[in-house]
2 protein chains.
Amino acid sequence: MASASTTSSMQAEAFPDGTSEYKPLRASNKFDSKKPHISDQPMTLKNWPQHFNWLNTIIIIVIPFIGLISTYWVPANWKTVAFSIFYYFHCGLGITAGYHRLWAHSAYKGSLPLKIYLAAVGAGAVEGSIRWWSHGHRAHHRYTDTDKDPYSVRKGLMYSHIGWMIFNQNPKRKGRTDITDLNEDPVVVWQHKNYIKTFITMALIFPTVVCGLGWNDWLGGFIYAGILRIFFIQQATFCVNSLAHWLGEQPFDDRNSPRDHVITALVTLGEGYHNFHHEFPSDYRNAIQWYQYDPTKWCIWTWKQLGLAYDLKQFRQNEIEKGRLQQMQKKLDQKRATLDWGTPLEQLPVVSWDDFIAQSKEGKALIAIAGVIHDVSDFIKDHPGGKALISSAIGKDATAIFNGGVYNHSNAAHNLLSTMRVGVLRGGCEVEIWKRAQFENKDVSYVND
Amino acid sequence: MASASTTSSMQAEAFPDGTSEYKPLRASNKFDSKKPHISDQPMTLKNWPQHFNWLNTIIIIVIPFIGLISTYWVPANWKTVAFSIFYYFHCGLGITAGYHRLWAHSAYKGSLPLKIYLAAVGAGAVEGSIRWWSHGHRAHHRYTDTDKDPYSVRKGLMYSHIGWMIFNQNPKRKGRTDITDLNEDPVVVWQHKNYIKTFITMALIFPTVVCGLGWNDWLGGFIYAGILRIFFIQQATFCVNSLAHWLGEQPFDDRNSPRDHVITALVTLGEGYHNFHHEFPSDYRNAIQWYQYDPTKWCIWTWKQLGLAYDLKQFRQNEIEKGRLQQMQKKLDQKRATLDWGTPLEQLPVVSWDDFIAQSKEGKALIAIAGVIHDVSDFIKDHPGGKALISSAIGKDATAIFNGGVYNHSNAAHNLLSTMRVGVLRGGCEVEIWKRAQFENKDVSYVND
Ligand code: HEM
Ligand code: HEM
Ligand SMILES: [Fe+2]
Ligand SMILES: [Fe+2]
Ligand SMILES: [Fe+2]
Ligand SMILES: [Fe+2]
């Protein structure tokens, strides 16, 4: 493929694997790469202010806190509260359907109006630009749980929730990823270059103006539909990085931290089936059952019906079932290894038929079944089929009797039998009793009819 | 073992497998074995009365029906109703803890007083003598679901519930079993020989007298604590033969009909974990979890604490887990067979390294991984890691890149990959790109640090 090498060469300047270090498009955020980064130094009484990313701390913690306190003086207007909730869902969708599934994972394609809408309401959630967010998220998928994962849950639940933002991180630590596609998307580039304008407009001005012009609640609009709504969206969507890597089941793979849980789904507009998502990241769905809560999926599907979204990607059910099956198999194999399956055949002594007969005559309760000699002494009194039947097989090859001749023993009986192994018959599996009967020309029948 | 042959010879008169035909101890119930049995003839307008076992029909259906109607004239005294329920549980236990677990399955041993109590209250349930009941039940376990099973559910739910009793059965059809132990138990033999006296005393006279002498409700005692209580016990315990083979899960074996269900357990004093029970019949428990309903087990355990019962048999947890695991494995294997795992390697053409390179140069999107050639043409645009990365591996051996060199692909990715197989490399699995780099003495590195 000629075109392939062209595409990959576009990013190949930096690294042979087609990825590049994340380079901010706007600022020239310089720092001395010789000096060790602040995050690599222990926090002390003197240097602690340098450890904090103050801009993020103010946006994520200080402002919401002021907003919360000011509700004491700013009464809640029910129209403002209703609009806040309504707008909450739009901005939430901006993150889940826009930032996450559309841009970070290319799980579907969006028409220009849809992309503009998602870039706008996504900015209203105040979680950084699409470009920055998606780069970090791709690193999170590619390097999940490692040091290169920007919000690795292995560093603690709080770290993955907000710690990674409020403390300064070494920019060199974050894994590299390929964002060629995003750099080619004009909506992404525009939003990134004008991010500060965009987010102030969408997160603060727009809701204030709506509540102000609509029902003259300018201050309420600013506090409730602006600041507090931002706070709730942030905390909810951050749960995808924390809760979704901490709470729930792992039906597809348990080597890494992602988990499926309905609580996470309820909090995050459907991003709660995160074990599935890490396994099938470019699937436009997170929940694959119709009864599971995934409103983001429902919206994308609706946009498709309206002609606003297309090329919805979906892994084949066959691939999904294969993953689930392999994980179940793994669990089963782990369980199997903890159980006692009897002495392995290769560790048993090889015994001749005549020795077997001789030892049985000496009083040992030995029974040969399928070429293996079993010592049933301790079991005779417990045999569910009675003492007489099991005793009648001592010193004989009971392969046929045991397997239906007299009674077709259950799986459980076969398992139990294998724990009684004491030797392997030389010559292997032979139905001795039948051979003898034929030889002596007698009619010994163990069939029941 | 010398004693073994002695034990087995005691029953060996009849059949070489140590069992015997069920022979009534009392009557000499003769029938002409030459003439075909009535159950082998179709029911006609003329012969239908001969098809019915009238004694059983009267006991199981007619009398309860009369009892039900007579409640219209006999008012229910609350003391009588309370006593009926109390006595119901005793007689129910007679069947579950006595007839079933103690005598039919020897799941534990009982002291003489306990055995007398169980034989007495068991007779109060009016389900035949211990000897007759246990013989049939052992045949049911040994020949489950076959024609020799006296209450095979394969003949219909109603047949297994009561049909097998109200219609005459060919006595030759019922499977043979070993009841030597029962013939040696004086309580069993006495109860069998005096069965009619015992059951009339325990099922009718005793409850009537208690209610009569106790609170002067002679007629109510007869109808409620006698007839109607018998009816409810019968219907409840019959559910073990019907419902327990029809409703629920099969965690241990799905080749036969027994099933586990909490509803059956609630109805039958804990005999509802029937799939477990058929697999581990001589376990004194039916429910193995503490939170499952098995009052019969709780009673046996309590009797043990009181010194009335001993030698409680229990299969090792290891054996139980093995059974459960094998059934899960079976389910998984069935599921596995329905999925598409890609063309098997042995059906793929063998391709030389140079042909692979040549075809890739001609524009085919081929990637070699672990000695297998994959056609990724249709997947490039869908690749979650981006077009550039996957394209950069075309015409190369990407074993190392795919398995961690660039990105350690998930299980899901490996599964997907196997559906894209088109050929096997001659020479097998070779990390060509590394070999070439070494040969050309260039430093090609795909590691990320
Ligand atoms: C050699 C070791 C043996 C073991 C470990 C064994 C184990 C068992 C077990 C666990 C059961 C309970 C039902 C089941 O799980 O299928 C059972 C039932 C039975 N066994 Fe065996 N058995 C052995 C030998 C024999 C022999 C040699 C005979 C016959 C000659 C025999 C005849 C029966 C019969 C007839 C039953 C059915 C009893 C009933 O369900 O009422 N068994 N055995
Ligand atoms: C040859 C067939 C390939 C298949 C079928 C395939 C499949 C996939 C799949 C299903 C994923 C989603 C995550 C996962 O399941 O692990 C993925 C992610 C990824 N693949 Fe591939 N891949 C292929 C080749 C490559 C190659 C050759 C490279 C690198 C040169 C590559 C690099 C990546 C990266 C970096 C990711 C992570 C992207 C992210 O999570 O953001 N893949 N691939
Ligand atoms: Fe994640
Ligand atoms: Fe994701
Ligand atoms: Fe049964
Ligand atoms: Fe049973």
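The values are calculated or read from the model by the stated rules, or taken from the named source; none is laboratory data. If you're wondering where the values come from, they're calculated on a predicted model, not measured in any experiment. Reconstructed Cβ throughout: ideal geometry from the backbone, glycine too, with neighbour counts over all protein chains shown.
Below, the figures for the structure above:
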{"quantity": "Filter result for the condition that a residue is part of a helix (DSSP H, G or I) and within 14 Å of another protein chain (Cβ to nearest Cβ), over B:HIS192, B:HIS278", "calculated": "B:HIS278"}
{"quantity": "Unmet requirement for A:TRP73, which otherwise passes all of (1) surrounded by 11 or more Cβ atoms within 10 Å (Cβ to Cβ); (2) at pLDDT 90 or above", "calculated": "(1)"}
{"quantity": "Index of the failed condition, A:TYR284 passing every other in (1) touching a strand residue (DSSP E or B) at 6+ places or on another chain (Cβ under 8 Å); (2) assigned to a loop (DSSP other than H, G, I, E, B); (3) in contact (Cβ under 8 Å) with a residue 24 or more places away in the chain", "calculated": "(1)"}
{"quantity": "Residue match in region B:256-265 (condition: under 23 Å from A:LEU332 (Cα atoms), of a type in the set (Asp, Glu) and within 13 Å of chain A (Cβ to nearest Cβ))", "calculated": "no"}
{"quantity": "Verdict on A:TYR99 being modelled with pLDDT under 95 and part of a helix (DSSP H, G or I)", "calculated": "no"}
{"quantity": "Those residues of region B:327-377 which are more than 14 Å from every other protein chain (Cβ to nearest Cβ), part of a helix (DSSP H, G or I) and either touching an Asp or Glu at 6+ places or on another chain (Cβ under 8 Å) or closer than 30 Å to B:PHE252 by Cβ (or both), in sequence order", "calculated": "B:TRP353"}
{"quantity": "Of all residues in region B:392-414 being at the interface with chain A (Cβ under 8 Å from one of its Cβ atoms) and without any contact (Cβ under 8 Å) to a residue 24 or more places away in the chain, the one that is surrounded by the fewest Cβ atoms within 10 Å (Cβ to Cβ)", "calculated": "B:ASN411"}
{"quantity": "Selection count, region A:126-177, where residues are within 15 Å of A:SER257 (Cβ to Cβ), more than 14 Å from ligand 2 (Cβ to nearest atom), touching an Asp or Glu at 6+ places or on another chain (Cβ under 8 Å) and not β-branched (Val, Ile, Thr)", "calculated": "2"}
{"quantity": "Lone unmet requirement of (1) more than 16 Å from ligand 1 (Cβ to nearest atom); (2) assigned to a helix (DSSP H, G or I); (3) within 14 Å of chain A (Cβ to nearest Cβ) for B:LEU114", "calculated": "(3)"}
{"quantity": "Residue within region B:84-103 that is more than 16 Å from ligand 3 (Cβ to nearest atom) and touching a strand residue (DSSP E or B) at 6+ places or on another chain (Cβ under 6 Å) present", "calculated": "yes"}
{"quantity": "Selection count, region B:310-326, where residues are facing chain A (nearest Cβ under 8 Å) and not in a helix (DSSP H, G or I)", "calculated": "2"}
{"quantity": "Qualifying positions in region B:240-267 - in a loop (DSSP other than H, G, I, E, B) and within 11 Å of ligand 5 (Cβ to nearest atom)", "calculated": "B:VAL240, B:ASN241, B:SER242, B:TRP246, B:ASN256, B:SER257, B:PRO258, B:ARG259"}
{"quantity": "Selected residue [within 16 Å of ligand 4 (Cβ to nearest atom), among the aromatic types (Phe, Trp, Tyr) and buried (at least 21 other Cβ atoms within 10 Å of the Cβ)] from A:TRP164, A:TRP132", "calculated": "A:TRP164"}
{"quantity": "Number of positions in region A:98-113 that are under 19 Å from the mean Cα position of the chain (by Cα) and within 19 Å of A:MET202 (Cβ to Cβ)", "calculated": "1"}
{"quantity": "Check on B:LEU157, away from ligand 4 (no atom under 16 Å from the Cβ), away from chain A (no Cβ under 14 Å) and modelled with pLDDT under 95", "calculated": "yes"}
{"quantity": "Any hit, region B:92-110, residues being more than 16 Å from ligand 6 (Cβ to nearest atom), in contact with a helix residue (DSSP H, G or I) (Cβ under 6 Å, 6 or more places away or on another chain) and touching a residue at least 12 places away in the same chain (Cβ under 8 Å)", "calculated": "yes"}
{"quantity": "Matching residues in region A:410-422 - criterion: being in a loop (DSSP other than H, G, I, E, B) and either among the aromatic types (Phe, Trp, Tyr) or under 42 Å from the mean Cα position of the chain (by Cα) (or both)", "calculated": "A:SER410, A:THR419"}
{"quantity": "Any hit, region B:378-391, residues being touching a strand residue (DSSP E or B) at 6+ places or on another chain (Cβ under 9 Å), modelled with pLDDT of 90 or more, facing chain A (nearest Cβ under 9 Å) and closer than 25 Å to A:HIS135 by Cα", "calculated": "yes"}
